[in-house]
Amino acid sequence: MDLRPSIPAMLRFTTLRLLSFALSLVAASIVIFAVIEVIPGDPASYMLGLNASPDTVAALREQMGLNSSLILRYLHWVSGMLHGDFGTSYTYRVPVSELVSARLWISIPLAIYALLLSTLLAFPVGLIAAARRGKPTDIGIMGATQLGIAIPNFWFAMLLVVLFAIRLHWFSAGGFPGWSKNFWLSLKSLTLPAIALALPQASILARIMRSSLLDTLGQDYIRTARAKGLTRGQALRRHALRNAMIPVLTIMGMQFSFLLAGAIIIENVFFLPGLGRLIFQGITQRDLIVVESAVMLLVFAVIAVNFLVDLLYAVVDPRLRGKS
Amino acid sequence: MSLLSVQNLSVGIHGTPILRDVSFEVRPGMVFGVVGESGSGKSMTALALMGLLPDGAETSGQATLQGQTLLGLPERQICAIRGAEIGMIFQEPMTALNPVRTIGDQVAETLIVHGKANRSEALKIARQRLNRVGLPAERFPLDRYPHELSGGQRQRVMIALAIALRPQLLIADEPTTALDVTTQAQILTLLKSLVQEDGMALILITHDLAVVSDIADHIAVMEKGRIVEKGPLETVFRNRENPTTRKLFAASNHAPQRVVRAHTEPILEVRDAIRIYNPSRRRLFSKTQGLRAVNNVTFSLKRGENLGLVGESGCGKSTLTRAILGLEPLQGGEIRAFGTPVGPRMPKSQRAKIQVVFQDPYGSFNPRWKVVRLVAEPFHLLENAHLNRRERVAEALESVGLCADDMDKFIHEFSGGQRQRIAIARALILRPKLIVLDEAVSALDVSIRAQILDLLADLSKRFQLSYLFISHDLGVVRSITDRVLVMKAGEIVEEGPTEQLFSNPTHPYTRQLIAATPRLPDDLKPPHADSKGTA
Amino acid sequence: MKLPHTLVLGAILFGLFLAAALVSFLWTPFDVETLDIAAKLRPPGALHWFGTDHFGRDIFSMIMVGARTSIAVAVVAVGIGVALGVPLGLAAAARHGGVLDEVIMRGNDLVFAFPSLVIAILITAVFGPSALNAIIAIGIFNVPVFARIARSGALSLWTLDYVLAAQVAGKGKIRISFEHILPNIANLLIVQGTIQFSLGILAEAALSYVGLGAQPPTPSWGRMLADSQTMISFAPHLALFPGFAIVLTVLGLNLMGDGLRDILDPRIRRRVRSRPERSPE
């Protein structure tokens, strides 16, 4: 019997993952649709508030397509999104897709920027802590990360603003020039928020990295490698690192969703015109269509990242490719 | 001229002595067996020579390989010796290879880290070594991953990577303990041929006297961190000067005194039993065919009989056990105990008639319960059992050689052997007539195993118990059963009275199994071991 | 038994804030709902230990009452996670490989796609902001966390012989789940509980900061920080004290979690216990 990972097996794995990715999206869209459109009763009157005249409500109902059946409305919403049409914002009177896409170009780059910073910081720190297990360096790192986890990122962001913007004037305290106007300045204006987001997550990641490495270092195959004549350091690099990546990847996948959520919160500290501002304005102005679409996009990003992490697992771990 | 010379090797870990004054010599081309029970210091001796002792270990004494000292070397120097001068293989092949790297890569790495070859040369040599250990290129290309190989094949890869640089000394620490007997025989043959054809010296560490008797020239017997007896194999086996050696021999050959009661009334009948595992239900999107773990099995167990069921791992004996205990349904045929059908929905009164003892003395008990509650758990099957619970538990504990006071202790206060006694007490508490012993002595050291076998024989006599004795260990089955079933790939391939089946196996698989089982040579056996008890 | 330093230090830190929260029901230095504009933005001093805010309210008193909000939200959210997640995880493990397991695990994956902030946004969009919504949002997010921990812990126990022995003793899966499985995964759940507790406090602070959590006049650390933001350059004490309160509470809980793991984790204990008599089979 031939159990070797073949191209069909890899293809099969990817297809299965892709299928489950699509199913998750469908399920998530149903949940979001149900919460926003079904539970509060009549969205039109809810959006217009208590004092709206029946005529206005009826007009809005017509405009929102609320007079057709639930299923039709759902299908309409989904097929619209597939074509890039997210409906029209009630307050701004412009297509939601326009509103959202401009904001997305701040929130998503910010989350990715933070993820990069967090990874670049956490990997070496976790590695050093694992290699110096029990020594003062390790104890110091563990203490520092313990503190890093406990710091709320938005508060840390406020402290960064006080120090680097208000006192030292190295950065501006907020605002965003726009990618097309000035790329480097835009990147610079995302740097403090990214640091604020990254530090707590880097603390978590470094701890996971360390414990995962220590776990793998205790495995039998490390003893085998040492019996072959590898030094501790060689065994760590050649055998422990890749195996230790499996749980680290899981955490990184989850962190992306935290970072995205964190980005939305931290935009408030830096007055960044990102998705978060849009969503919170949408909530206060009862612009449900904007909230619904923005939330769907956030959830899409989270599910898509988890799908990528699943594929990465298969790259790291051949056991996932071989047998199904 | 000795290859390896060890003088007064002592090891302590955080002040606790682990090895004391261990001395021995190994000559080129010699197989040196180290035997002893668990905790005797066998593995620690090997790890000390390799410089792989756990952190906090302090070593004293001398060890030299061809005049070069091994102990207390700086990391760089010992790394240059490991893998190049001394190769080592371990007990657990399933976890000893890195799961994310190919086998070719892992064998070639030995050559690369020692700077003996560049990558492409190393892969070429890795290919030769894999061929040498019986993994030919057409079935085992270099880009295979460990999870695609069986335990025996993985152990061959381990050997290939240990001999990649043709070291002068190979240390094998219980290399076959985790393997089936037929695989064990193949691995031992391979190790033997490496010594004979390639002139390598081998240190073979094992708990199994029969394994060393088959392969070693010299042996050392260890107990509590010391070598208590050593010398040429024949001399040690014949003279047995040390009490530890005598004890090991007696336990290895132990056959409990048993009464054979001839009855004809069947109490357990298995007819055309079929158990299909259907993996297609296990996962949402897979289309795998169902697996027939038990296929048309028919047999019966008579009152007072000790019936053995032997087979290698994966043959379906565990599945059959679970069906007999009424834990899993059958897809065909039926099982009857005491004339009444057995199955997941059988009434409690029926379930109470068959009890069981499992293999793992550590996993068999809820660590949060006291012994009294553990032993009394089967009372759940009775209507009004709470009346004299403590008296019954005390009685059961005493009948397995423990005392009644033990019932208020927690399970972690007991040794492996004692735990297995408690497991037997739990099986006895309802006074069943049939007990299933599922590898019940397999996890125990030989001396403890002998005591438990005696206890089982004694209990069988006192309470007119019948046993269904399931095991992969033919020696143990031979010593305690009246009749044996041999199972392979879900089917019973041969059945017959124990002595007859062992001396005259008819099915090729039975012959293969018996031939593969290592035995102490008859001329080295102690005299009393031949008189098998039919008192 | 000697307790780990981390556990002691963590318990002291967290205990301090728990005590502050409890005492605040009976007594606070100043009433937190009384505005005193004349005394606004006082720096820390003898009268107002941590200073006053822009309405002249005593920061120290607000932090005491804020501890109440934070801890209450986190406790209830962890409670929701445990109460729903653990039975689901146990059920999935008991029916491992079955349809129920598949449904529960896929449902978990789905909830994981909604970070607690997103759940809070959805709920707030529909029902308006409140502390209750924060509790529900964090609680829902905790459900799959506990379901996973319970399931993976239970799965490893279901392979053990004592569970098989209980089945031979005629016990059903539900009974076994509660008698044998739950007590033996309690360690894992307690450790995870402290982690989720600290995450809950951070999440509550974040939600309150963006206005999706506790509403005025209920004091909450997150909203105190939001209010302080515009005044941070001339009244930094408004931002520092609530921030320290969050950091120290979360730090205390995390240290407790670490310490509890050291004394409770069965993996660490078993390794020590089962060294002798293991190898031969």
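No lab work stands behind these numbers, since they all come straight from the coordinates. These figures come from a predicted structure and were not determined experimentally. Using ideal geometry, Cβ is built from the backbone for each residue, glycine included, and neighbour counts are taken over all protein chains shown.
For residue B:485, the amide hydrogen comes within under 5 Å of the amide hydrogens of B:308, B:309, B:310, counting only partners 5 or more places away or on other chains and with H modelled in the peptide plane. Taking label points 7 Å from Cα along the Cα-to-Cβ direction, residue B:64 and residue A:182 give a separation of 7.7 nm.
Can you give the relative contact order of chain C as a percent, counting alpha carbon pairs under 8 Å and 6+ residues apart? Walk me through the numbers before you get to the answer.
Details: 440 pairs, mean separation 74.1, N = 281.
26 percent.
Across the stretch B:81-91, rounded Karplus estimates of 3J(HN,Hα) from the backbone phi angles (6.51 cos²θ - 1.76 cosθ + 1.60, θ = phi - 60°) give 7, 4, x, 9, 9, 10, x, 9, 10, 10, 6 Hz, Gly and Pro being marked x. The angle separating the long axis of helix C:182-209 from the principal Cα axis of greatest extent in chain C is about 30 degrees.
Comparing chain C with the 2.2 N^0.38 Å rule of thumb, its C-alpha radius of gyration ratio is 1.21 (two decimals). Listed by chain and number, the aspartates and glutamates placed with their C-alpha closer than 18 angstrom to that of residue B:409 are B:377, B:391, B:395, B:398; residues fewer than eight positions away on the same chain are left out.
Would you work out the charge dipole size for the protein assembly as shown about its Cα centre, treating the Cβ of every Lys and Arg as +1 and the Cβ of every Asp and Glu as -1, and quote it to the nearest 20 debye? Mind dumping the intermediate values first?
Details: 113 positive and 89 negative charges, 185 e Å.
Around 880 debye, computed over the protein assembly as shown.
Rounded, prolate or oblate: which one fits the stretch A:103-284, using the alpha carbon gyration tensor with axes a ≥ b ≥ c (rounded when a/c is under 1.5, else prolate when a/b beats b/c, else oblate)? Prolate shape, in that a/c is at least 1.5 and a/b is the bigger ratio.
Over chain B, dividing the summed -39,500 (n - 2.57) contributions of all DSSP H runs of at least 4 residues by the number of residues returns a 222 nm mean residue ellipticity of -9500 deg cm²/dmol. Check each of the trypsin sites (Lys or Arg not before Pro) in the stretch B:70-127 and keep only those in coil by DSSP with at most 16 other C-beta atoms within 10 angstrom; list them in order. Here the trypsin sites (Lys or Arg not before Pro) that fit, given the DSSP loop and packing criteria, are B:116. What's the longest uninterrupted piece of chain B once you rule out the GluC sites (Glu not before Pro) that are loop residues per DSSP with at most 10 other Cβ within 10 Å? In chain B, the maximal stretch lacking such sites is B:139-382. In order along the stretch B:19-26, the Karplus-derived 3J(HN,Hα) couplings, from 6.51 cos²θ - 1.76 cosθ + 1.60 at θ = phi - 60°, round to 10, 10, 6, 7, 9, 6, 10, 10 Hz, and Gly and Pro are given as x. Counting only alpha carbon atoms, the long axis of helix A:70-82 and the longest principal axis of chain A meet at about 60°. Sequence-ordered 3J(HN,Hα) estimates for the stretch C:147-155 from the Karplus curve with 6.51, -1.76 and 1.60 and θ = phi - 60° stand at 4, 5, 4, 4, 5, 5, x, 5, 4 Hz, glycine and proline given as x.
Think of the stretch A:103-284 as having a plus end and a minus end, set by charges on the Cβ of Lys, Arg, Asp and Glu; of A:244, A:154, A:179, A:244 sits farthest toward the positive end of this dipole. Backbone amide hydrogens, once placed in the peptide plane, bring residue B:434 within less than 5 Å of B:355, B:466, excluding anything fewer than 5 places away on its chain.
Okay, which of the stretch A:205-220 sit inside 13 Å, backbone N to the point 7 Å along the Cα-Cβ direction of residue A:139? Within reach of a label on residue A:139: no residues. Shape of the protein assembly as shown from its Cα gyration tensor (a ≥ b ≥ c, root eigenvalues): rounded if a/c is under 1.5, otherwise prolate when a/b > b/c, or oblate? Taking the square roots of the gyration eigenvalues as a ≥ b ≥ c, the protein assembly as shown is prolate. Computed on the stretch A:103-284, with alpha-carbon pairs under 8 angstrom and 6+ residues apart, the relative contact order is 36 percent. Give the Debye-formula value of log10 I(q)/I(0) at each listed q (0.08 Å⁻¹), with one equal scatterer per alpha carbon of chain A, two decimals each. Here log10 of I(q) over I(0) equals -0.51. Mean-square fluctuations from a GNM of chain A, with a 10 angstrom spring cutoff on Cα atoms, peak among A:72, A:217, A:298 at A:72. Between residue B:31 and B:202, B:217, B:218, the built amide H atoms are under 5 Å apart, and every one of these is 5 or more places off in sequence or on another chain.
Bridges between two residues of the stretch B:103-230, per DSSP, are antiparallel at a rate of about 45%. Spin-label model, residue A:234 to residue A:316: label points 7 Å out along the Cα-to-beta-carbon direction sit 2.5 nm apart. A DSSP coil position with no more than 16 other Cβ atoms inside 10 Å describes the following trypsin sites (Lys or Arg not before Pro) in the stretch C:1-99: C:2, C:40, C:95.
Relative to the dominant Cα principal axis of chain A, helix A:275-284 is inclined by about 40°.
Any of B:247/B:370; B:461/C:171; B:353/C:173; A:188/C:40; B:461/C:173; B:348/B:370 with alpha carbons more than 26 Å apart? Name them for me. With Cα atoms farther than 26 Å apart: B:247/B:370; B:461/C:171; A:188/C:40; B:461/C:173. Computed over chain A with a Gaussian network model linking Cα atoms closer than 10 Å, the most mobile of A:80, A:229, A:253 is A:229. Here chain B is treated with +1 on each Lys and Arg Cβ and -1 on each Asp and Glu Cβ, and its dipole about the Cα centre works out to around 1420 debye. Each Lys or Arg adds one and each Asp or Glu subtracts one; over the other residues with Cβ under 9 Å from the Cβ of residue B:160, this totals +3.
With r as the distance between the Cβ atoms of residue C:23 and residue A:271 and R0 = 56 Å, compute the FRET efficiency 1/(1 + (r/R0)^6) and round to 0.05.
Approximately 0.90, to the nearest 0.05.
Where in chain B are the DSSP H helices whose C-alpha atoms run 24 Å or more along the long axis and whose mean Kyte hydropathy is at least 0.5? Walk me through the numbers before you get to the answer.
Details: long enough: B:181-198 (25 Å, 0.31); B:446-463 (25 Å, 0.54).
Taking the DSSP H segments of chain B (at least 24 Å long, mean hydropathy at least 0.5), we get B:446-463.
An oblate overall shape is assigned to the stretch B:147-288, the ratio a/c of its alpha-carbon gyration tensor axes (a ≥ b ≥ c) being 1.5 or greater and a/b not exceeding b/c. For a label point 7 angstrom out from the Cα of residue C:132 toward its Cβ, which stretches of the stretch C:195-223 have the backbone nitrogen within less than 15 Å? Residues passing the 15 Å test: C:213-215.
Counting chymotrypsin sites (Phe, Trp or Tyr not before Pro) as exposed when in a DSSP loop with at most 11 other beta carbons within 10 Å, what is the longest stretch of chain C free of them?
The segment C:28-233 is the longest one with no such site.
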